[in-house]
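See structure below.
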């Protein structure tokens, strides 16, 4: 029997309230369902989380013109950071992005929870 709408909403609200870090990094190894952390972190962002519906979250993080890296960015990792540890949520690899002081970058992840 599938979960009812009330339970789905409670689960998505709980996940949304617990995501507090987005790590952008340089690693481009394939992302898997068992990834435990970012490969080579470049910067940690505090994301904005929006609940889209009972099963979908939008997670956004931004890099401003003040951020610049010598190496291309290739991964984004979302996690819950606690006082003494962290809980992995999701990791994604993307085409390399060269981040300079001449551009801004916004990462948007749609997370579907089933």
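In table form, for the structure just shown:
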read-out	value
Number of positions in the stretch 16-65 that are more than 12 Å from residue 111 (Cβ to Cβ) and touching a helix residue (DSSP H, G or I) at 6+ places or on another chain (Cβ under 9 Å)	1
Which numbered condition residue 43 fails, given (1) buried (at least 17 other Cβ atoms within 10 Å of the Cβ); (2) free of Cβ contacts under 8 Å to residues at least 60 places away in the same chain; (3) more than 11 Å from the chain's Cα centre (by Cα)	(1)
Failed condition for residue 36, given (1) assigned to a loop (DSSP other than H, G, I, E, B); (2) touching a strand residue (DSSP E or B) at 6+ places or on another chain (Cβ under 7 Å); (3) more than 21 Å from residue 114 (Cα to Cα)	(3)
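No value in this document is a laboratory result; all are computed from the given coordinates. The shown structure was predicted, so the numbers you read here are calculated from the model rather than taken from an experiment. FYI the Cβ positions are ideal-geometry reconstructions off the backbone, even for glycines, and counts take in every protein chain you see.
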